[in-house]
Amino acid sequence: MKPTGPIPPGFAADASGELLIGGEPAGALVAQAGDTPLFVYDMAAIRTRLRQLRAAMPPELALHYAMKANPYPALLERIVSEVDGLDVASAGEMRAALEAGMPPSFISFAGPGKRDREIEAAILGGVTLNLESEGEAERALAAGKRLDRQPRLAIRVNPDFGLRGSGMRMGGGARPFGIDAERVPALVRRLIAAGVDWRGFHIFAGSQALDAAAIIEAQAATLALAGQLADEARAAPPEVNIGGGFGVPYFNGDVAVDIGAVGAALSQALRARAAILADTRFAMELGRWIVAEAGVYLTRIVDRKTSRGETYLVTDGGLHHQLAASGNFGTVVRRNYPIAVAGRFDAVPDDEVSVVGCLCTPLDRLGDQVLLPRAGPGDLIAIFLAGAYGATASPQAFLGHPAVRELLVDETFRS
Ligand SMILES: *Cc1c(COP(=O)(O)O)cnc(C)c1O
């Protein structure tokens, strides 16, 4: 038997023992969506999360949503009125952000490899481009001239430090992201001299960090670096995006980020910031932390079989929808996400099984030697922490199975 991660808070069974998601039984949600496999997102859980974040963070801190974590349109439409900005990573996401109603001045577009037509779309749309290289800066200046528009440009800084203990380090050392800190002041002067609307800095040090002390350290270093770069450039940045990187507990032994501790330290660090940052708007950008726990992936068992003493529950889902739960998305060692039998959520687990998907590859394993209540064909398997980097971060076209369904439960809008 191998351990599974902790089921996120807030999930319970109804009187018959069935898992409720956003107050609805899992089976009823599948009936509503029409079939499995299905991602269900609970909007009330997302609102609760954002409320907790606001309560913990300094009141002057703007909260942005990094929409690549979950761009499902119904979710995006609702999240727009709950956050202060959206961070996008392609022209496609930018269009979705604008369509969802976020004003362009609160959208920033980061990501390496922006093509000229993406840069032009951002300039025409009034969206801030976070520049990832000096070459991109020159292309943005040229596009502004061509279009006769003043581009809104911020500089993504590759800091000389990373976020300690983060699952994905995005700063420190040589990186394809951002401009090395030591070269940033010269570029600020170049942009200002060229007459663009220089918006400031974007400093993103890493992702999926659970250790509050590491986040606090990175945020303090980020504020110090922003002050130092501004001083060297002799220009006050209108905005500084300090990144985010808050992780969620996916695996056995993981503990949630202490956001109270992070918020208290950040308040202090902001009070102690460099004089040149006195009027700067500070923003934090989070994807995973806001939406991951609000999502559940539901897949139906098609077959129960044994092979040389091991029991397999074969489902209609798999890594083509939930690559991360299969262990094939940025993890070195495969470990189990929290998993349950939806119809018997309150039953005692007494059956050791491996839950696999329907793809012809040994990589397609959603639960490896996990202990579950006994289940068989027709039963629903629930995989938790499916709200971030699921449907759009998985190779859906692999093997040509149908696209996964998605459903948002929103109590606020229920009649
Ligand atoms: C991916 C990304 C994020 C979101 O990261 P999470 O771990 O989902 O919070 C934020 N900012 C940038 C620049 C990113 O690339």
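Listed values, structure above:
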| read-out | value |
| --- | --- |
| Test: Leu385 is within 16 Å of the ligand (Cβ to nearest atom), open to solvent by less than 50 Å² (accessible area, probe 1.4 Å) and under 19 Å from Pro3 (Cβ atoms) | yes |
| Candidate set from region 226-273 (those that are in a helix (DSSP H, G or I), open to solvent by less than 10 Å² (accessible area, probe 1.4 Å) and closer than 30 Å to Arg190 by Cβ); member that is nearest to the ligand (Cβ to nearest atom) | Ala226 |
| Test: Leu129 is buried (at least 20 other Cβ atoms within 10 Å of the Cβ), within 16 Å of the chain's Cα centre (by Cα) and within 16 Å of the ligand (Cβ to nearest atom) | no |
| Residue within region 202-212 that is open to solvent by 10 Å² or more (accessible area, probe 1.4 Å), in contact with a helix residue (DSSP H, G or I) (Cβ under 8 Å, 6 or more places away or on another chain), assigned to a helix (DSSP H, G or I) and within 16 Å of the ligand (Cβ to nearest atom) present | yes |
| Failed criterion for Glu138 (all others in (1) assigned to a loop (DSSP other than H, G, I, E, B); (2) without any contact (Cβ under 8 Å) to a residue 12 or more places away in the chain hold) | (1) |
| Test: residue in region 8-15 that is in a strand (DSSP E or B), more than 16 Å from the ligand (Cβ to nearest atom) and closer than 26 Å to Ser354 by Cα | yes |
| Subset of region 295-331 [among the small types (Gly, Ala, Ser) and not in a loop (DSSP other than H, G, I, E, B)] | Gly295, Ser307, Ala324, Ala325, Ser326 |
| Odd one out for Ala292, checked against (1) within 30 Å of Ala235 (Cα to Cα); (2) of a type in the set (A, V, I, L, M, F, W, C); (3) part of a helix (DSSP H, G or I); (4) within 16 Å of the ligand (Cβ to nearest atom) | (1) |
| Cβ pairs under 9 Å, 6+ apart, first in region 286-312 and open to solvent by 60 Å² or more (accessible area, probe 1.4 Å) and modelled with pLDDT of 95 or more, second part of a loop (DSSP other than H, G, I, E, B) and among the β-branched types (Val, Ile, Thr) | Arg300/Thr36 |
| Subset of region 28-55 [open to solvent by 30 Å² or more (accessible area, probe 1.4 Å), under 24 Å from Gln396 (Cβ atoms) and touching a residue at least 60 places away in the same chain (Cβ under 8 Å)] | Gln32, Gly34, Asp35 |
| Extreme residue, modelled with the highest pLDDT, among residues of region 313-338 that are among the β-branched types (Val, Ile, Thr) and surrounded by fewer than 24 Cβ atoms within 10 Å (Cβ to Cβ) | Val314 |
| Flag for Arg189 being basic (Lys, Arg) and surrounded by 16 or more Cβ atoms within 10 Å (Cβ to Cβ) | no |
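The values are calculated or read from the model by the stated rules, or taken from the named source; none is laboratory data. Values in this document were obtained by computation on a predicted structure and should not be read as measured data. As a convention, Cβ positions derive from the backbone with ideal geometry for all residues, glycine included, and neighbour counts pool all protein chains shown. Accessible surface is based on the protein model in full, side chains and every heavy atom, while ligands, DNA and RNA are left aside. Shrake-Rupley method; radii C 1.70, N 1.55, O 1.52, S 1.80 Å.
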